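> Take this structure, written in structure tokens, and hold onto it; I'll ask about it next.
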There are 2 protein chains.
Amino acid sequence: MADNATSGESLLFLTDEQLRKGIEAMFFAYQGFTADPDRILDTLEYGRAHHRAVHFINRSPGLTVSSLLAILGVTKQSLNRVLRTLFEDGLVEARVGKTDKRERRLHLTEKGAALERSLSDAQRARMRAAYRAAGPQAVQGFRMVLEAMMDPEMRRQYQGFKEDNP
Amino acid sequence: MADNATSGESLLFLTDEQLRKGIEAMFFAYQGFTADPDRILDTLEYGRAHHRAVHFINRSPGLTVSSLLAILGVTKQSLNRVLRTLFEDGLVEARVGKTDKRERRLHLTEKGAALERSLSDAQRARMRAAYRAAGPQAVQGFRMVLEAMMDPEMRRQYQGFKEDNP
DNA sequence: CTTGGAATGTCAACAAGGCTGACGTAAATT
DNA sequence: AATTTACGTCAGCCTTGTTGACATTCCAAG
């Protein structure tokens, strides 16, 4: 890492080896990222799919089934199986849309909100530790790279989610 | 949240909202991260599990089944199902261990290496684009945060994998 | 030299959570 | 009035994870 200060410096981080390291970092980090919530979910007979649904319903109360479908990128049959158990267990409730009565606006119940907190507390704790260890500068870079790695459609989901209630 | 410029500046990135954004960034980015290889695998009747196996066998030729088990964090029954199809299709071959004849050292065949290249080319292309868009500084931060997020055991897998052949 | 344990494979059964295809209903839109 | 949209549901399939049980081979230690 001595004297490619002339031209190489800006390309050094794009070698195949660097990229391979990045790929594995994503793989191993994602394992850690999901490990804590997974442990909690296991004891409650839920899975990662439930976590995702609960997370996004909490983030955007009143979002519609089709919005959630778009965010998660799964089929409605798949999502419905999950939502059904969440309804049955009283974690999520659906309210008929005000303007459009075909829509079902999804909300967490108090019980659902409690689960969400328990899951995201665990996940945030790990994220907080990682952020603290790496420092603010690194966090900014982390976010930039992740954002650049998203599919454009998903990047929109990530950035703008305020316009859900009409 | 106005004037913590004095002490708060270093903690600003640890707010719950910042952490939530980080969590979603991981979720959406991971979708993108796996999207390209997944498309290729689909056409070939393989799945993500095959990709992972092929990736790590390529990374460390001659690694044993139990090492691979530890890296992937799945049961041997699960891994074996995947390995069997890779053997049958002539992508991976197992050589009996030199010193310990119980071990099966895993290697990619030429065909397997070709698949690996095709998959990792796709994945690297996306990673390269993200790296390029975010810049070297950001990449360093990206790697630091991801590393801090791993489980300690997995961090070891990530960092040191040279000592595989005795 | 025997014996315990490690490394591996394999059979069976099961579950979560993806998928496709087909069909139904109510409400909105044209 | 006809079509489209939003949603639900039934049925069936696949991948990939799980447990549990059992066999083989071989290293290593008593």
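> Report every pair of residues separated by at least 6 positions or lying on different chains whose Cβ atoms are under 6 Å apart, first residue within segment A:103-114 and assigned to a helix (DSSP H, G or I), second within 16 Å of DNA strand D (Cβ to nearest atom).
Pairs found: A:K111/A:G90; A:K111/A:L91; A:G112/A:L91; A:G112/A:V92.
> Suppose the filter is of a type in the set (K, R) and either within 11 Å of DNA strand D (Cβ to nearest atom) or assigned to a strand (DSSP E or B) (or both); does A:R126 pass it? Give the derivation first.
Details: of a type in the set (K, R): yes; either within 11 Å of DNA strand D (Cβ to nearest atom) or assigned to a strand (DSSP E or B) (or both): no.
No: the conditions fail for A:R126.
> From A:G135, A:G73, A:G97, which residue is on the phi > 0 side of the Ramachandran plot and within 16 Å of DNA strand C (Cβ to nearest atom)? Give the derivation first.
Values: A:G135 fails: within 16 Å of DNA strand C (Cβ to nearest atom); A:G97 fails: on the phi > 0 side of the Ramachandran plot.
The match here is A:G73.
> Something else now. Go through (1) near DNA strand C (Cβ under 10 Å from one of its atoms); (2) touching a strand residue (DSSP E or B) at 6+ places or on another chain (Cβ under 8 Å) and name the single condition B:D42 misses.
For B:D42, the exception is condition (2).
> Please enumerate the residues belonging to segment B:63-93 that are away from chain A (no Cβ under 14 Å) and either among the β-branched types (V, I, T) or closer than 29 Å to A:R155 by Cβ (or both).
Listed by number, the residues that qualify are B:T64, B:V65, B:T75, B:V82, B:T85, B:V92.
> Then there's this: What pairs come out if I take residues in segment A:61-80 that are under 21 Å from A:T99 (Cα atoms) and pair them with residues that are part of a helix (DSSP H, G or I) and open to solvent by 60 Å² or more (accessible area, probe 1.4 Å) whose C-beta lies under 6 Å away, six or more apart or interchain?
As it stands, the answer is A:L69/A:K76, since those pairs meet every condition given.
So that you can scan it fast, the table gives a plain yes or no per residue for (1) more than 7 Å from every other protein chain (Cβ to nearest Cβ); (2) crowded, with 20+ Cβ neighbours inside 10 Å; (3) within 17 Å of the chain's Cα centre (by Cα):
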site: A:G22; (1), (2), (3): no, yes, no
site: A:F28; (1), (2), (3): no, yes, yes
site: A:G32; (1), (2), (3): no, yes, yes
site: A:A35; (1), (2), (3): no, no, yes
site: A:T43; (1), (2), (3): yes, no, no
site: A:G47; (1), (2), (3): yes, no, yes
site: A:V54; (1), (2), (3): yes, yes, yes
site: A:I57; (1), (2), (3): yes, yes, yes
site: A:P61; (1), (2), (3): yes, no, yes
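> A further question on this structure: Can you tell me which residue in segment B:80-112 is surrounded by the fewest Cβ atoms within 10 Å (Cβ to Cβ), limited to those that are at pLDDT 95 or above and near DNA strand D (Cβ under 7 Å from one of its atoms)?
B:R81
> Among (1) open to solvent by less than 50 Å² (accessible area, probe 1.4 Å); (2) at pLDDT 95 or above; (3) more than 7 Å from every other protein chain (Cβ to nearest Cβ), there is one condition B:G160 misses while meeting the rest; what is its number?
(2)
> Something else now. Which count do you get for residues in segment B:129-147 that are in a helix (DSSP H, G or I) and open to solvent by less than 30 Å² (accessible area, probe 1.4 Å)? Talk me through it step by step, then tell me what you get.
Let us first name the residues in segment B:129-147 that are in a helix (DSSP H, G or I), namely B:129-134, B:136-147.
Now narrow it down to the ones that are open to solvent by less than 30 Å² (accessible area, probe 1.4 Å): B:130-131, B:134, B:138-139, B:141-142, B:145-146.
So the count comes out to 9.
The values are calculated or read from the model by the stated rules, or taken from the named source; none is laboratory data. Note that the structure is predicted; figures quoted are calculated from it, not measured. A quick note on method: Cβ atoms are made from the backbone with ideal geometry, for glycine too, and the neighbour counts reach across all protein chains shown. Surface accessibility is based on the protein's heavy atoms, side chains included, excluding ligands, DNA and RNA. Shrake-Rupley method; radii C 1.70, N 1.55, O 1.52, S 1.80 Å.
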